[in-house]
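The values are calculated or read from the model by the stated rules, or taken from the named source; none is laboratory data. For clarity, every value in this text was computed on a predicted model and none was experimentally measured. Because the Cβ atoms are built from the backbone with ideal geometry, glycine has one as well, and the counts that use them run over all protein chains shown. These accessible areas exclude ligands, DNA and RNA; they are computed on the full protein's heavy atoms, side chains included. Shrake-Rupley method; radii C 1.70, N 1.55, O 1.52, S 1.80 Å.
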Amino acid sequence: MAPIGEPVRRVEDERFLTGRGCYVDDIRIEGQAAAVFVRSPHAHADVLEIDRTGAEKAPGVLAVFTGADLVADGIGPIPCAVTIESRDGQTCFVPPRWPLARDRVRHVGDPVALVVAETEGQARDATDLVRVDYAPLPANTDTVRAMDAGTPPLWEEAPRNVCIDWETGDAAATEAAFADAAHVTEIAGLINNRLAIASMEGRAAAGEFDSATGRYTLHVTCPFVHNLRKQLAEQVLHVAEADLRVVAPDIGAGFGMKNYAYPEYPLVLWAARRLGRPVNWTSSRSESFMSDDQARDHVSDARMAFGADGRILGLRIRTIATHGAYIVGASPMLPTTANASAASGVYHIPAAHLEVKTVFTNKTPTGSYRGVGRSEATYVIERLLDAAADDMGIDAAELRRRNLIPAAALPYTTPFGFTFDSGDFPATLEGALADADYAGFDARRADSESRGTLRGVGIGYYIDDTLGPAEEGADIKFTENDSVTLLLGTFDNGQGLETTLRQIVSDQLGVPLDRIGFEQGDTDRIAIGGGHGGSRSTEMGGSALRAAGERVIEKGRLIAAHELEAAPADIEFAEGRFVVAGTDRALGLFEVAVIARDPERRPAGLEEDLDTHERYRRRASAWPNGCHVAEVEIDPGTGAVSVVRYTVLDDFGTIINPLIVRGMVQGGVAQGAGQALLEDMIYERETGQPVTGSLMDYALPKADDMCDIAISFNEVPTRTNPLGVKGCGEAGTIGAHPAIMNAVIDALAAYGVRELDCPATPQRVWRAIHGSDA
């Protein structure tokens, strides 16, 4: 058995480490052809003409398709998943994103033609023979200047390139708070740098069409299979949902980037129907940098008002965020409501006001990425607090102490209307400071200085709102070989869910892990599912499994009572056995399952066997939170930053498997460190060309960029779900970025540095030390 709370090793790892994983590109369907896309080399251009005759005559080429072919066949544009209203009550403008651009391209990498050939090599060679006549247009790449009068517009329907003009909070109360303030700290132009999501496996899709049944099958690197089926069937292919099966095999990570629809997915299905044979597409790494959704790209002006005692009176944030060229996935809510959920942090702030404007630019679309919205918001407020502590001469930890929401005040509603149900923020802060030996920092700084290096310490206290679809389904099915199979609508793409969710069932039903199977990602096999994302999987999938397990026990008790000739109230269930209380008369769970399959042996009124499907609907958000304390050393001669100590204390509520949770935190911290120190998706201002468009130029964190991470937990179970879990998937990323940047700026304080744009690269840090003209 594997009780909840035990550090069980991941059962799925053996499959992956021995090469037995199955990814989309591993799938070989008889007669499969290969697809390669012709993509725009321009960030903004009119498409005057596409000449495909040369490509159509190339060896092995089966077809060359353009946007005109799609329109003729009635294929629709790619939808986004949500919309949001601006402050004037108008729904945000969602531009049409055709799978193949029709008359105009709007970012480098916009697909304009599809070549299908017998082999990928033949298709790739033929793309060079597709002649596209472009008329280049001025590009708009600056998030802040996108609304300027002279900036080129992307869409006529979006004047000044504005998509959303949104606000929340109380503007009047916030204005009054600032009028009464003894001190105001302000940060202008705080940048959340744009990121590329370099998941280990790129995106891929393989489409099939059965002419006999009129049914499509899509094998795809998308964990939201049910949502994808609905969107593609209803809005793109215009067929019934039942006529599209979506299957996601193993996925080599995605961090949110793979959650939603992309142009390539309906195209391989449509091409398969047109050609009468399966069509496969696998992204190259170069394509990923042009076509995968990117992340962040916010610029914020933020102000915080304080009383004479250092307590916060008010908060005002104004943010400009870019969607890039199109609106994708859930992007309307990410810089708005998702951002607002964490914008006031874990601090008691009597009055606050948040304004967000989202704009279109000639860049790859931005979408979901680990911690999206909450990460950007946390960076703003944690930088504000450190800047305010410096302004007022108060220790950064002490300023947080004075303003944390006390445990006794929970549940607590923030000035933006979100309710934190549980936690102990002061205890978590103090625990993290103790674990980090915060009191001993001055001695470590002196030691660093004696060796000619600068040393800084930074705190990042985050809170995360668990998001994603509000309903989840789960099945527990009993096999005839004394094992059970779990069918889950959520999705494991690296988080260890195959182990965690098995562990929940093992703990409840007393079934050994090696007798529990796991299935996911198939709309034909699984009735409902919300996929992964928003740190929801254990909360939602686990709670659905818990409900299914309770129903299994309830039915099993009736069957055991009938078989053992006892009253159901006298049947106890423990460790996989139904026992008549006070006796040694018992039946094992799998013995009861055998009886349940025989209608003649079931008690009257019970019309089903032990196989059980249950659904769970979220009651309210859970709120994982925690404190990160980072220490860095900087070589003033080179500007190189090293993370030398790192401490995290997290409140994830009930922890199912601490070994897996620690791994999730470690990976998240590395990604947050990447944003703070290394990663920056840069576009050439005038042309919109990606400058950091490959792994030669775009720096990702490596193992030697990180030190050991000390991780501990303050488990305060939530009351919003039956397991008491809060979700851990995004936490490390959210807390790491501000903690590390605060530490870098603290280390540079001796040089009068108060702000530094991310990432803190050696060149940027060296220039901050020696002067921009050096």
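A few points about this structure:
- Candidate set: region 432-452, residues that are basic (Lys, Arg) and assigned to a helix (DSSP H, G or I); chosen: the one nearest to Pro636 (Cα to Cα): Arg445
- Within region 129-172, the residues that satisfy the criterion of being of a type in the set (S, T, N, Q) and touching a strand residue (DSSP E or B) at 6+ places or on another chain (Cβ under 7 Å) are Thr141, Thr143, Asn161, Thr168.
- From the list Leu429, Leu467, Leu486, the lone residue that is part of a loop (DSSP other than H, G, I, E, B) and surrounded by 21 or more Cβ atoms within 10 Å (Cβ to Cβ) is Leu467.
- Residue satisfying condition, being touching a His at 6+ places or on another chain (Cβ under 8 Å) and of a type in the set (S, T, N, Q), within set Thr168, Thr151, Thr217: Thr168
- For region 489-514, the tally of residues that are open to solvent by 20 Å² or more (accessible area, probe 1.4 Å) and not aliphatic (A, V, I, L, M) stands at 7.
- Selection count, region 292-309, where residues are in contact with a helix residue (DSSP H, G or I) (Cβ under 8 Å, 6 or more places away or on another chain) and over 20 Å from Thr414 (Cβ atoms): 3
- Flag if Arg455 is outside any helix (DSSP H, G or I) and either open to solvent by 50 Å² or more (accessible area, probe 1.4 Å) or within 19 Å of Ala389 (Cα to Cα) (or both): yes
- Residues in region 684-729 that are in contact (Cβ under 8 Å) with a residue 12 or more places away in the chain, over 17 Å from Val665 (Cβ atoms) and either in contact with a strand residue (DSSP E or B) (Cβ under 7 Å, 6 or more places away or on another chain) or open to solvent by less than 20 Å² (accessible area, probe 1.4 Å) (or both): Gly688, Gln689, Pro690, Thr692, Tyr698, Pro717, Thr718, Thr720, Asn721, Leu723, Gly724.
- Residue in region 127-140 that is part of a helix (DSSP H, G or I) and either under 21 Å from Val94 (Cα atoms) or open to solvent by 30 Å² or more (accessible area, probe 1.4 Å) (or both) present: no
- Residues satisfying the stated conditions in region 205-234, i.e. without any contact (Cβ under 8 Å) to a residue 12 or more places away in the chain and crowded, with 19+ Cβ neighbours inside 10 Å: Ala233
- Residue check, Gln90 of a type in the set (S, T, N, Q) and either over 25 Å from His42 (Cα atoms) or within 28 Å of the chain's Cα centre (by Cα) (or both): yes
- Verdict on Gly639 being more than 17 Å from Gly729 (Cα to Cα) and surrounded by fewer than 24 Cβ atoms within 10 Å (Cβ to Cβ): yes
- Residue tally, condition under 19 Å from Asn280 (Cα atoms) and in a loop (DSSP other than H, G, I, E, B), over region 215-234: 3
- Some residue of region 604-615 being within 28 Å of Val372 (Cα to Cα), within 36 Å of the chain's Cα centre (by Cα) and surrounded by fewer than 19 Cβ atoms within 10 Å (Cβ to Cβ): yes
- The single residue among Asp465, Asp447, Asp435, Asp391 that is charged (D, E, K, R) and touching a helix residue (DSSP H, G or I) at 6+ places or on another chain (Cβ under 6 Å) turns out to be Asp465.
- Asp757, sole failed condition from (1) open to solvent by less than 30 Å² (accessible area, probe 1.4 Å); (2) within 25 Å of the chain's Cα centre (by Cα); (3) closer than 24 Å to Asn339 by Cβ; (4) not aromatic (Phe, Trp, Tyr): (1)
- Tally, over region 545-567, of residues that are surrounded by fewer than 24 Cβ atoms within 10 Å (Cβ to Cβ) and over 24 Å from Pro3 (Cα atoms): 8
- Screening region 470-483 for residues that are charged (D, E, K, R), open to solvent by 10 Å² or more (accessible area, probe 1.4 Å) and in a strand (DSSP E or B) and picking the one that is farthest from Gly533 (Cα to Cα) gives Lys477.
- Across region 173-213, the qualifying residues are those that are part of a loop (DSSP other than H, G, I, E, B) and of a type in the set (Val, Ile, Thr), and the one among them that is farthest from the chain's Cα centre (by Cα) is Thr213.
- Answer residue from region 616-636, given it is open to solvent by less than 50 Å² (accessible area, probe 1.4 Å) and outside any strand (DSSP E or B) and is nearest to Ala731 (Cα to Cα) among those: Pro624
- Here Gly732 fulfils each of the conditions (1) at pLDDT 95 or above; (2) open to solvent by less than 20 Å² (accessible area, probe 1.4 Å); (3) over 17 Å from Ala676 (Cα atoms) apart from (3).
- Subset of region 520-531 that is of a type in the set (A, V, I, L, M, F, W, C) and open to solvent by 10 Å² or more (accessible area, probe 1.4 Å) - its residue that is farthest from Asp482 (Cα to Cα): Ile528
- Members of region 235-271 found to be under 16 Å from Thr217 (Cα atoms), open to solvent by 10 Å² or more (accessible area, probe 1.4 Å), in contact with a Leu (Cβ under 8 Å, 6 or more places away or on another chain) and part of a loop (DSSP other than H, G, I, E, B), listed by number: none
- For first residues located in region 42-65 and farther than 30 Å from Arg685 by Cβ, partners that are surrounded by fewer than 20 Cβ atoms within 10 Å (Cβ to Cβ) and aliphatic (A, V, I, L, M) and lie 6+ apart or on another chain with Cβ distances below 7 Å form the pairs Gly54/Leu129; Ala55/Leu129; Ala58/Leu129; Leu62/Leu275; Ala63/Leu275.
- Of all residues in region 334-358, those that are under 18 Å from Ala181 (Cα atoms), among the hydrophobic types (A, V, I, L, M, F, W, C) and touching a Phe, Trp or Tyr at 6+ places or on another chain (Cβ under 7 Å) total 1.
- Out of Gly517, Gly542, one residue alone is in contact (Cβ under 8 Å) with a residue 40 or more places away in the chain and either part of a helix (DSSP H, G or I) or open to solvent by 10 Å² or more (accessible area, probe 1.4 Å) (or both). It is Gly542.
- Arg451 being out of contact with any Phe, Trp or Tyr (no Cβ under 7 Å at 6 or more places or on another chain) and either over 26 Å from Val753 (Cα atoms) or touching a residue at least 60 places away in the same chain (Cβ under 8 Å) (or both): no
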